[in-house]
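Single-structure report; data block below.
The values are calculated or read from the model by the stated rules, or taken from the named source; none is laboratory data. Since the model is a prediction, treat every value here as computed from it, not as a measurement. For neighbour counting, all protein chains shown are included, and Cβ atoms are generated from backbone atoms with ideal geometry for every residue, glycine included. Calculation scope for accessible area: heavy atoms of the full protein, side chains included, ligands and nucleic acids excluded. Shrake-Rupley method; radii C 1.70, N 1.55, O 1.52, S 1.80 Å.
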Amino acid sequence: MGLGAIGSGVMDIAVREMRDADNAVLDELYAHEEVAEAIWTQENADSWIPDFRRSQQSFYGFTVLVDGRIAGGIYLEDPSRCRSSYAVGFALGREFWGRGVCTAALKQVVRVAFEDLGIHKLHGDNDADAPASGRVFEKAGFSQE
């Protein structure tokens, strides 16, 4: 898979296939109160991470790197029966919010999904109380259906 880096001002934003070794850093980033609140409710936080990791055969996980540091993840999950359509989810550590990191990384993942993985459709949902996520989708080229 040809995952590359793109420059974004003074930041180097890259994505690569997620590795098991990334989990400890991602867990720490996602444990931040504001991040956890944006991703899941506290009731399902403890079960969501292990359940998600067990389902790795049915998703693609990408680690987002900023200047070589793990900043978060982008996930292609819940594939259609023929695996031609996937849902997109993403989460970044709080210090990386509002800096264009997720948009730049998502654009890279979209390219890889279509060009390298043979996926035909990506879709994302964002809650009304998470308008920033909707803007990320729009800036990355998604359109509302």
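In the stretch 114-141, the residue that is nearest to PHE90 (Cα to Cα) out of those that are touching a residue at least 24 places away in the same chain (Cβ under 8 Å), assigned to a loop (DSSP other than H, G, I, E, B) and of a type outside the set (Gly, Ala, Ser) is ASP125. Of all positions in the stretch 52-61, none carries a residue that is more than 16 Å from the chain's Cα centre (by Cα), at pLDDT below 90, within 22 Å of GLU138 (Cα to Cα) and open to solvent by 30 Å² or more (accessible area, probe 1.4 Å).
If you go through the stretch 122-143 and pick out every residue that is out of contact with any helix residue (DSSP H, G or I) (no Cβ under 8 Å at 6 or more places or on another chain) and loosely packed, with under 11 Cβ neighbours inside 10 Å, you end up with 4. Of ARG16, ARG111, all but one fail to be in a strand (DSSP E or B) and modelled with pLDDT of 95 or more; the exception is ARG16.
Any idea which residue in the stretch 88-99 is farthest from THR63 (Cα to Cα), counting only those that are in contact with a helix residue (DSSP H, G or I) (Cβ under 8 Å, 6 or more places away or on another chain) and of a type outside the set (A, V, I, L, M)? Ranking the qualifying residues of the stretch 88-99, first place goes to GLY98.
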